1. Would you calculate the separation in nanometres between label points at Gln220 and Leu41, each defined as 7 Å from the Cα along the Cα-to-beta-carbon direction?
2. Using modelled backbone amide H atoms (1.01 Å from N, in-plane), which distant-in-sequence or interchain residues come within less than 5 Å of Thr205's amide H?
3. Straight-line reach from Lys134: which lysines have a Cα under 30 Å away, not including same-chain ones fewer than 8 places off?
4. Between Lys104 and Tyr26, what FRET efficiency comes out of the Förster formula 1/(1 + (r/R0)^6) with R0 = 22 Å and r the beta carbon distance, rounded to 0.05?
5. Quickly work out the Leu136-to-Ala120 label distance, labels modelled 7 Å from Cα along the C-beta direction, and quote it in nm with one decimal.
6. Determine which lysines satisfy two conditions relative to Lys24: a Cα distance under 24 Å, and not lying fewer than 8 residues away in the same chain.
7. So if we plug the beta-carbon distance of Asp264 and Asp153 into 1/(1 + (r/R0)^6) with R0 = 41 Å, what FRET efficiency do we get, rounded to 0.05?
8. For Lys56 and Lys127, FRET efficiency with R0 = 25 Å and r from the beta-carbon atoms, rounded to 0.05?
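The numbers here are math on the coordinates, done by the rules we state, and not lab data. Because the structure is predicted, anything quoted here is derived from the model rather than measured. Counting neighbours? That spans all protein chains shown, and the Cβs are built from the backbone with ideal geometry, glycine included.
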Amino acid sequence: MSDAQAVIDNALMGAEPEVLDPSKQYGIIVPANATHRVVDLEKFLPVPNRARATYKPSTVDAFMEVVDRLLEEGATTIWVDEGKTSSGSAGATVVAVLNDNAEKAGWGDHRVELALKPSAEWERWLKLNGRFIKQLEFAEHIDRSLLDIANPDGAELLEIVQSIEGTETAAFKSTRRLDNGARGFRYEADIEASAGQEGELEVPTEFGLVLATFVGEVTQPVTAKLRYRIRGGELLMGYDLVNLDKILEDAVRDITGRISEKFDGKAPVYRGTARSATTTSAATSA
């Protein structure tokens, strides 16, 4: 070590600590690499210089509660993205950007994000929608879902389910519409190797359901139309849920209306996708 370097080292060791302002950033020259480094001392502060986080509530009510607590008037925007609702699937999102480019520039990194999740009953009915399944599987599905069915009532439907289960081994021959609008299925059942027994199974042509589209939302009426096929004497049954996309669109529209009413005069609500922290958004007013 040269005498000059020794003098420098001794001087550095004897230097008094410098009081820094942690609310500021400092640019320093690092001699070893002759580079300029920006030092951010925010992590040493008791609290951050500004709020930035992403909150993810699970229901619309929880979303509004969080936004109401954190909202900054003049800085917050709310975005409703209807997503894809093809074949009854739900993919809508609601995002509140608490520090958006509203009345003044904002970083856009303080947010509340709600992914609208389909309810368990909606997913259960959607799973078999449009499919033809064996009568026993159909009966089990109906039995598991009695609380979702409004018409016919539970007692009638349970009787229908038991009838379907009771004819599981029958050979179905034909179908016809009955005077009361129900569907009649003709079948032959082999009874203890005798000549057999004929009968008719009566089921309604449609079911009235009450389903919540999203978790935490209220139920609404949904119509399920009965579908059937007779293949080699085997009865296959199923249903088609009517106007699923419109039901989802109406549900999202209702949610948008509730949010708009809640934050009227405090934050604008738009239909579209919220910007990231580094890009801009294009949207139409909700």
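1. Those two pseudo-labels are separated by 5.6 nm.
2. Counting only residues 5 or more places away or on other chains, the set is Arg183.
3. Lys117, Lys173, Lys225, Lys246
4. Details: r = 27 Å, r/R0 = 1.21.
E(calc), rounded to 0.05, equals 0.25.
5. 2.6
6. Lys43, Lys104
7. Working: r = 41 Å, r/R0 = 1.01.
So the FRET efficiency works out to roughly 0.50.
8. Numbers: r = 26 Å, r/R0 = 1.02.
Calculated transfer efficiency: 0.45.
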